[in-house]
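The values are calculated or read from the model by the stated rules, or taken from the named source; none is laboratory data. Everything numeric here is computed off the predicted structure, so don't read it as measured data. Cβ atoms come from the backbone with ideal geometry, glycine included; neighbour counts cover every protein chain shown. Ligands, DNA and RNA are stripped out before the accessible areas are found, and what is left, the full protein with its side chains, is counted by its heavy atoms. Shrake-Rupley method; radii C 1.70, N 1.55, O 1.52, S 1.80 Å.
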Amino acid sequence: MIAPPRSTRLMFDVTDLIQYMRASRIPTGIQRVQLQIIYFALTDYKAEANPIVVHFDLAGGRWLPIESEMFLALHNAAESGDELLEEDLHGLLHRLDHPALPEDYLDIQLRENDFILVNLGSSWWIGNYFLKLRELRKKYNIRYVPMIHDVIPLMTPEHCSQPLVEEFCQWFSSLPFEVDGAVTNSHWSAMDIRHKVAEFLPKADFPIYPIALNGDMRKDISTRTATTNDIISHLIPPGTTFVLCVSTLESRKNHLQIFRAWERLLANHDTANLPMLVCIGKAGWLFDEAAEFLRARPALGAKIMLISSVTDQSLAALYQESLFTIFNSRYEGWGLPITESLSFGALPLIACHTSLTEAGGRAAVYFRSDDVDDLYGKLEILIFNAEERKRLSDHARANANLRSWKEVAHEYIDTILSIEPSATTRQKELLRVPIGEIIHIGKSNALAPNVDLALANLLRDGLNWHDLEHWANWTKPGIVTIQLPLPDEVIGQDLMLFLRIRGPLIATPITITCCLDDRPLGSPLERTMQILEWHSVIFHLRPDSYNLFVHIDTGAGTPLLWPDPRHAGIAVVDLMLCNAHDTVSQQNFMSTFPELHQSLTNGAHVTMHQI
């Protein structure tokens, strides 16, 4: 019987969209992008994309399918503003955890078709995401194409929390080895991403495709049937003139410079003639300096409104009723508030740098970044010269480079479907264990991507690993595998493999087996890990191929310390592979860890194994 031809299909992972909607019903930029592109993939371009939608079950560690009708209901809920009751939204989200599809539905689809897993949101915050992705690739030979919205933690780390930068660096370090291609939202972002990859992996051919997010938001953010004044009357008194600033209240958005310019306007002009500055955005990171600036100046504070959140209808009305808008972010992947402003016919005044110039194009008015004098001059013109403001507004409306979200979605779908497999080839060509270097199997405090951070993720094989922690990585019960792709120059050489591990809360018998490909090297090593014991194993070997694997059987495992609900085998902490004659590297490994140095002195807790 001839098997039916396989189809190339898109599988959209909406995990971060679901997590966001559990906490907030009003979508921001990243959520809008996902909602619109997937909506058209499920409707107008269903035949081309042939999509399914999934989300990752964080508790169960698996992808769950979402029926198309369910996603379309979420799409409608996100657009409904005040028209959807809160309990109805929660009920809709609750149903996602109990899909009506058969349990083996996803497995059957993956076996019968060639899928491209597409993540249009973010995944760097999901523990072991790449680990589970590699298992999907191994089992079903899928391709993986994420959207990289920006590299803000790498480009402006001073405006991000350090834990966020650390987590992002760990994720970004693995990215070139895991993706078959990526899409991003501007040529500037694509350039920055390539540059950051080249800094730590110069030989990587990293395929990334910029696609402009210049979708017309007017149809997406609708004013419905109410008049604009009715919609925003609860926010701003009728008849109030105002300038609109839409962006998270955080240091990267640089509200402080706008506030300084507004203070100068207040000093040089009649207060009654100065419009309000209305800032829409949730509180973010490091806004304290700007907030304190306002608190110390009550007169200025009276001319500035900070509003944390508004409905889509109110946002549309605010754009339409504003004199103009202002956007002063220090760095963006695209700059959706600029696109929103142009969509509603509002003239945007924006900083002249990075991707903001792609979003604004020939339609925006620009000021020099970090030049408060230039900003002040442009504000004076736009506020007090009505004729010039009208001329520039007319010019903006005539030159706004906008297209329908249907067109944006079509470009995304076409581009993603054209991306060929490359991740496996890139791993085979570029992934090698460094010789003579200590590799920590855990998270890092590093604030820049590097290959060592990638190795902590990539050397772990299979699903029997808990999430990486800073100090080490607990294994799950059963057999856990470490893969060590060797560089060509050590094949046939005498090597030493150092492995540093720690026991759990009960004495645990373990068996360690080294293999080249599927061939065991010598006899397995058996020993019992005592309670919380630090132990190092040193293997002597001479490999004749480059696929070295270490399998550790930890048995049934044991619960970790309450309230940690996990069961664990052992913790894998550090490893090193070096030439047998490299006494410097060997001494470095032994002297780096105090308990190992003491163990060698006492003749205990170190196992030498010839294989």
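Can you report the number of residues in the range 192-223 which are within 20 Å of the chain's Cα centre (by Cα) and over 24 Å from ASN399 (Cβ atoms)?
14
Would you tally the residues in the range 243-264 being in a helix (DSSP H, G or I), open to solvent by less than 20 Å² (accessible area, probe 1.4 Å) and of a type in the set (Gly, Ala, Ser)?
So the count comes out to 1.
GLY478 is checked against (1) more than 21 Å from the chain's Cα centre (by Cα); (2) closer than 25 Å to CYS578 by Cβ and fails just one. What number does that condition carry?
(2)
Need a quick list: strands (runs of 3 or more DSSP E) entirely within the range 526-611 having at least 3 residues that are surrounded by 15 or more Cβ atoms within 10 Å (Cβ to Cβ) and either at pLDDT 90 or above or within 38 Å of the chain's Cα centre (by Cα) (or both). Spell out the reasoning first.
On the way: elements: 534-541, 547-553, 571-579, 606-610.
Answer list for the range 526-611: 534-541, 547-553, 571-579.
Would you mind listing the strands (runs of 3 or more DSSP E) fully within the range 1-72 where at least 1 residues are over 30 Å from ALA283 (Cβ atoms) and open to solvent by 50 Å² or more (accessible area, probe 1.4 Å)? Lay out the reasoning, then the answer.
On the way: elements: 8-13, 52-57, 62-66.
By residue number, 8-13, 62-66.
Conditions (1) buried (at least 21 other Cβ atoms within 10 Å of the Cβ); (2) in contact with a helix residue (DSSP H, G or I) (Cβ under 7 Å, 6 or more places away or on another chain), marked per residue:
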| site | (1), (2) |
| --- | --- |
| THR311 | no, yes |
| ASN328 | yes, yes |
| CYS352 | no, no |
| PHE367 | yes, yes |
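Taking the residues in the range 445-495 that are farther than 29 Å from GLY555 by Cα and among the polar types (S, T, N, Q) as candidates, determine which candidate is most open to solvent (accessible area, probe 1.4 Å).
Within the range 445-495, the match that is most open to solvent (accessible area, probe 1.4 Å) is ASN445.
So, of the residues in the range 414-434 that are part of a helix (DSSP H, G or I) and among the aliphatic types (A, V, I, L, M), which turns out to be nearest to ASP114 (Cα to Cα)?
LEU417
Is there any pair linking a residue in the range 417-442 that is closer than 30 Å to ALA41 by Cα to one that is hydrophobic (A, V, I, L, M, F, W, C) and modelled with pLDDT under 95, with Cβ under 7 Å and at least six apart or on different chains, and which?
Hits for this filter: ARG426/ALA204.
Can you find, within the range 431-444, the residue that is surrounded by the most Cβ atoms within 10 Å (Cβ to Cβ) among those that are among the hydrophobic types (A, V, I, L, M, F, W, C) and over 22 Å from TRP124 (Cα atoms)?
So the residue we want is VAL433.
Kindly check whether there is at least one residue in the range 122-135 that is within 23 Å of ASP414 (Cβ to Cβ) and not small (Gly, Ala, Ser).
Scanning the range 122-135 turns up no residue that is within 23 Å of ASP414 (Cβ to Cβ) and not small (Gly, Ala, Ser).
Among helices (runs of 4 or more DSSP H) lying entirely in the range 126-216, which contain 2 or more residues that are open to solvent by less than 30 Å² (accessible area, probe 1.4 Å), closer than 22 Å to ARG9 by Cβ and in contact (Cβ under 8 Å) with a residue 60 or more places away in the chain?
Counting at least 2 such residues, we get 129-140.
Out of everything in the range 265-279 that is crowded, with 20+ Cβ neighbours inside 10 Å and aliphatic (A, V, I, L, M), what residue ends up being farthest from PHE324 (Cα to Cα)?
LEU265
Taking the range 93-125 only, how many residues are among the hydrophobic types (A, V, I, L, M, F, W, C) and without any contact (Cβ under 8 Å) to a residue 24 or more places away in the chain?
Number satisfying all stated conditions: 1.
Going residue by residue through the range 369-381, is there one that turns out to be polar (S, T, N, Q), under 30 Å from the mean Cα position of the chain (by Cα), open to solvent by 10 Å² or more (accessible area, probe 1.4 Å) and at pLDDT below 95?
Checking the range 369-381: at least one residue is polar (S, T, N, Q), under 30 Å from the mean Cα position of the chain (by Cα), open to solvent by 10 Å² or more (accessible area, probe 1.4 Å) and at pLDDT below 95.
Is it the case that some residue within the range 513-522 is touching a helix residue (DSSP H, G or I) at 6+ places or on another chain (Cβ under 8 Å), in a strand (DSSP E or B) and either in contact (Cβ under 8 Å) with a residue 24 or more places away in the chain or open to solvent by 20 Å² or more (accessible area, probe 1.4 Å) (or both)? Outline the logic, then answer.
Filtering the range 513-522 for residues touching a helix residue (DSSP H, G or I) at 6+ places or on another chain (Cβ under 8 Å) gives none.
Checked the range 513-522: no residue is touching a helix residue (DSSP H, G or I) at 6+ places or on another chain (Cβ under 8 Å), in a strand (DSSP E or B) and either in contact (Cβ under 8 Å) with a residue 24 or more places away in the chain or open to solvent by 20 Å² or more (accessible area, probe 1.4 Å) (or both).
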